[in-house]
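Visitor: Mind having a look at this structure? Questions to follow.
The values are calculated or read from the model by the stated rules, or taken from the named source; none is laboratory data. Here the structure is a predicted model, which means the values were calculated and not measured. Cβ sites come from the backbone with ideal geometry, for glycine too, and all protein chains shown count toward neighbours. Areas reflect the complete protein model, heavy atoms only, side chains present, ligands, DNA and RNA absent. Shrake-Rupley method; radii C 1.70, N 1.55, O 1.52, S 1.80 Å.
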Amino acid sequence: MSQFDVHRNSGKHKDTIPFVVVVQSSQFDSYRRRVVVPLVRASAIAKISYAAFNPTFKIRGTPVVLHPLEIVSVPVDQLGEIVGSLSDESQLIVAALDELLTRAWK
């Protein structure tokens, strides 16, 4: 599994969050967990007020929104099947995480 791989969510919120994207660097592949960010169904979000923080993607025909505030670490054996990759969109994902982790707000 690689950074920016998209996995099917097999958890209890899979109806609202059908997929997760791995954001963890491959440098840490030997660990038994992966840091992922939920990809929430666009239809479940009322309004996106800051598109750079919540970019929208289409996974298997489903519009989804990156939700960095719900970042989590999960055991590798609990990740669902790989259904795609967002490696071509990595700039958008990294920029959103940069907003979460390093930007100063006034």
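Visitor: Which residue, of Leu66, Leu86, Leu39, is under 20 Å from Ser2 (Cα atoms) and in contact (Cβ under 8 Å) with a residue 60 or more places away in the chain?
Guide: On the way: Leu66 fails: in contact (Cβ under 8 Å) with a residue 60 or more places away in the chain; Leu39 fails: in contact (Cβ under 8 Å) with a residue 60 or more places away in the chain.
Step by step, each of Leu66, Leu86, Leu39 is checked, and only Leu86 is under 20 Å from Ser2 (Cα atoms) and in contact (Cβ under 8 Å) with a residue 60 or more places away in the chain.
Visitor: Got a sec? Which of Ser49, Ser73, Ser30 is farther than 14 Å from Val6 by Cα, polar (S, T, N, Q) and either touching a residue at least 40 places away in the same chain (Cβ under 8 Å) or in contact with a strand residue (DSSP E or B) (Cβ under 8 Å, 6 or more places away or on another chain) (or both)? Break it down stepwise before answering.
Guide: Details: Ser49 fails: either touching a residue at least 40 places away in the same chain (Cβ under 8 Å) or in contact with a strand residue (DSSP E or B) (Cβ under 8 Å, 6 or more places away or on another chain) (or both); Ser30 fails: either touching a residue at least 40 places away in the same chain (Cβ under 8 Å) or in contact with a strand residue (DSSP E or B) (Cβ under 8 Å, 6 or more places away or on another chain) (or both).
Every option except Ser73 fails the conditions.
Visitor: Here's another thing I want to ask about it. Considering only residues of region 11-24 that are out of contact with any Lys or Arg (no Cβ under 9 Å at 6 or more places or on another chain) and modelled with pLDDT under 95, which is surrounded by the most Cβ atoms within 10 Å (Cβ to Cβ)? If you could, list the steps in order and put the result at the bottom.
Guide: Initial filter on region 11-24 (out of contact with any Lys or Arg (no Cβ under 9 Å at 6 or more places or on another chain)): 11-13, 21.
Add one more test, that the residue is modelled with pLDDT under 95, and what stays is 11-13.
Details: Gly11: 14, Lys12: 8, His13: 12.
Taking the candidates together, the pick is Gly11.
Visitor: Just to be sure before I move on: is Phe57 surrounded by 15 or more Cβ atoms within 10 Å (Cβ to Cβ) and without any contact (Cβ under 8 Å) to a residue 40 or more places away in the chain in the structure I sent? Give the steps one after another, and end with the answer.
Guide: Numbers: surrounded by 15 or more Cβ atoms within 10 Å (Cβ to Cβ): yes; without any contact (Cβ under 8 Å) to a residue 40 or more places away in the chain: yes.
Spelling it out, Phe57 is indeed surrounded by 15 or more Cβ atoms within 10 Å (Cβ to Cβ) and without any contact (Cβ under 8 Å) to a residue 40 or more places away in the chain.
Visitor: Which ranges mark the strands (runs of 3 or more DSSP E) fully within region 15-106 that have 3 or more residues being more than 10 Å from the chain's Cα centre (by Cα) and among the charged types (D, E, K, R)? Explain how you work it out, then say what you get.
Guide: Details: elements: 19-22, 33-41, 56-59, 62-66, 72-75, 82-85.
Filter on region 15-106 gives 33-41.
Visitor: Sticking with this one: Can you tell me how many residues in region 26-54 are open to solvent by 80 Å² or more (accessible area, probe 1.4 Å) and in contact with a Ser or Thr (Cβ under 7 Å, 6 or more places away or on another chain)? Write out each step before concluding.
Guide: Let us first name the residues in region 26-54 that are open to solvent by 80 Å² or more (accessible area, probe 1.4 Å), namely 27-28, 30-33, 41, 43, 46-47, 49-50.
From the residues that got through so far, the ones that are in contact with a Ser or Thr (Cβ under 7 Å, 6 or more places away or on another chain) too are 33, 41.
Total satisfying the criteria: 2.
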